[in-house]
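The values are calculated or read from the model by the stated rules, or taken from the named source; none is laboratory data. Only a predicted model underlies this, so the values are computations on that prediction, with no experimental measurement involved. Cβ atoms come from the backbone with ideal geometry, glycine included; neighbour counts cover every protein chain shown. SASA here: full protein model, heavy atoms, side chains in, ligands and nucleic acids out. Shrake-Rupley method; radii C 1.70, N 1.55, O 1.52, S 1.80 Å.
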Amino acid sequence: MRRAFIALPALLVAAGCSLLDPHNMIGRQMGEATGIPTEPIPAAGNRPLDASAREHAFDFVWSTINERYHDPAFNGVDWNAVGARYRPLAIAAPTDEAFWDVLDRMTGELKDAHTRVESPARVELRQRDESITLGFGFVPLDGRLVISGVNNESDAWWAGVRPGMTLVSIASEPAGAAYQKLLADTRYDSTDRSRHLRALRKLLTGPDGIRMAFTFERADGSRFDATLTRKRLSTRPASSHRLLPSGYGYLRLTQWTIGATARALEGIDALKDAPGMVIDLRGNPGGSVHAVNSVLGKFFAEKTEVGRVTTRTGRPVSLLFGTVEIIKLKSEIEGNKNAYTKPVVILLNSGSASGSELFAGEMQAANRAVVVGQPSCGCLLGFLGYTRIPGGGELAYSEVGFVLANGQRIEGQGVMPNHPVPLTVNDLRLGRDRVLEVAEEVLGRLASKSGG
């Protein structure tokens, strides 16, 4: 009798789970792929996936997107045809890592940076806030591949690689030709900017300890070779703030996580007397929409509509038969009598994505901030958590779209700066932050107009 008594509520919950949690948010937070499992799914461990396991994983990814993707028209893509084309490629992939890559390339046909498949190895790194990388980045600039940043814990830094140098060769192949091959082999994305970033990750990240040979050119034309090793580097989110020598406040946020955002909120309070504030979101890839909304609330004294959300069903993202709305269709800021109301400038570049674009776009559309820098990623859709794929990988898929108060969509376009400041080789070599310089000039003009 006791077993029957326990089984009945379980059956009721299983039958009603699509109403209680139609987006499976609770299940995903608990690490489950499908709400309440009907049979145990053993961990894959280090065992290779056989054909049956690959078929199961492929079908899970394809059908989940087919049933739950935010746009039932799949961004104009024939999703059935995509599945038919990629299924034999996935099953025949030479290795498991290649299999996961084929699945990711399939999701890339949607040209949506948020919809993606991660292999078990990449999932493990993400969960540890780690990246195994060569520790530098580059951008195409003036017909060359120019180093844009170097992590000072990496081999690249200690080999003497510095921003502004030119990447001449990759594994003895001319860098330009190697990059074009890499780009051609990289899945589609929301924009060319985000596809470049994905290609960069494909080249620079990978198994720990792998060595790669490069040739670099200094500003004086001299060249040097360096064989660099991929290392584990921390990617833990951070926030910092300070008063600049000009007297303006400066807030830096590297990711929209709850912890980092809590420190950012403290920073805003600490800078409340500054005559203007710079919010630096360059390289910030995004994060929680709730974290974004908490910071937006610090900058509006009155109730303000900042945009709206779109979903596949046209209904809010909710729990418990729709009684608890997690993400509302209308995005509003309630208003805060203690809001910071002085001029604000937001700094962006191509690495500013998702939540950073939502924050900057809504502030800009509401005429509450001016944007300085380069166009952002153009990667603004929302997913509600990773879904575990049978076999050990994880799937993210877009379930929410965003429209700003002025009717603009950021996805596929990006936030366009009010004051564009292009990246230049000379500024990189000099270590000159021209974007911040322009931001302070803009704040000076805005403060004068407002009588600050």
* Dipole of the stretch 52-128 [Lys/Arg +1, Asp/Glu -1 at C-beta], most positive-end residue of Pro120, Ala57, Val102 -> Pro120
* Structure fact -> Any aspartates and glutamates whose Cα falls less than 20 Å from that of Lys231, other than same-chain ones fewer than 8 residues away, would be Glu97, Glu118, Glu124, Asp129, Glu130, Glu153, Asp155, Asp208
* Provide the percentage of antiparallel DSSP beta bridges, counting only those with both residues in the chain; round to the nearest 5. => 75
* Structure fact -> With every protein chain kept in place and a 1.4 Å probe, the chain has an accessible area per residue in Å² of 48
* **Fraction of alpha-carbon pairs over 20 Å apart in the stretch 172-254 - percent** => 59
* Could you give the C-alpha radius of gyration of the stretch 42-165 expressed as a fraction of 2.2 N^0.38 Å, taking N as the number of residues it contains? => 1.35
* To do: Nearest 5 is fine: what % of DSSP beta bridges in the stretch 149-280 come out antiparallel, could you say?
  => 80
* Structure fact -> To the nearest 20 debye, the chain has a Cα-centred charge dipole, built from +1 on Lys and Arg Cβ and -1 on Asp and Glu Cβ, of 460
* In deg cm²/dmol, rounded to 500, what helix-only [θ] at 222 nm does the chain give when every DSSP H run of at least 4 residues adds -39500 (n - 2.57) and the total is split over its residues? -> -10500 deg cm²/dmol
* To do: Would you please calculate the Kirkwood hydrodynamic radius of the chain over all C-alpha pairs and express it in Å, rounded to one decimal?
  => 23.8
* **Dipole magnitude of the stretch 354-440, debye to nearest 20 (Cβ charges: Lys/Arg +1, Asp/Glu -1, about Cα centre)** => 80
* Hey, what D do you get for the stretch 298-451 in µm²/s if you plug the Kirkwood alpha-carbon radius into Stokes-Einstein at 25 °C and 0.890 mPa s? -> 140
* To do: Compute the semi-axes of the equivalent ellipsoid of the stretch 387-452, taking the square root of 5 times each eigenvalue of the Cα gyration tensor, and list them largest first in whole Å.
  => 37, 22, 11
* To do: State whether the stretch 336-385 is rounded, prolate or oblate according to the following rule on the C-alpha gyration tensor (a ≥ b ≥ c being the square roots of its eigenvalues): a/c under 1.5 gives rounded; otherwise a/b larger than b/c gives prolate, and the remaining case gives oblate.
  => oblate
* Would you mind getting me the FRET efficiency between Asn80 and Asp185? Use the beta-carbon distance for r and R0 = 25 Å, nearest 0.05. => 0.50
* Carbon and sulfur: what percent of the chain's accessible surface (1.4 Å probe)? -> 54
* If you stretched the chain out fully between Asp142 and Ile91, how much longer would it get, using 0.36 nm times the residue separation minus the C-alpha to C-alpha distance? -> 14.2 nm
* Asked: What does a probe at Asp269 reach in the stretch 281-306, counting residues whose amide N is under 18 Å from the point 7 Å along Cα→Cβ?
  -> 291-301
* Could you order peptides 421-428, 367-374, 355-362, 432-439 by the average number of other Cβ atoms within 10 Å of their residues, highest first? => 355-362, 367-374, 432-439, 421-428
* Asked: Fully extended, how many nm does the chain gain between Asp220 and Leu423 (0.36 nm per residue separation, minus their Cα-Cα distance)?
  -> 71.1 nm
* Under the Karplus curve 6.51 cos²θ - 1.76 cosθ + 1.60, θ = phi - 60°, whole-Hz ³J(HN,Hα) for the stretch 226-241, x wherever Gly or Pro sits -> 8, 9, 10, 10, 5, 10, 6, 10, 6, 10, 4, x, 8, 9, 8, 8
* How many nm separate the modelled label positions at Arg432 and Glu334, each set 7 Å beyond the Cα in the direction of the Cβ? -> 4.7
* Hey, how much of the P(r) for the stretch 213-254 falls beyond 13 Å, as a percent of Cα pairs? -> 73
* Among Ala353, Trp79, Gly393 the positive-end extreme of the charge dipole of the chain (Cβ point charges) -> Ala353
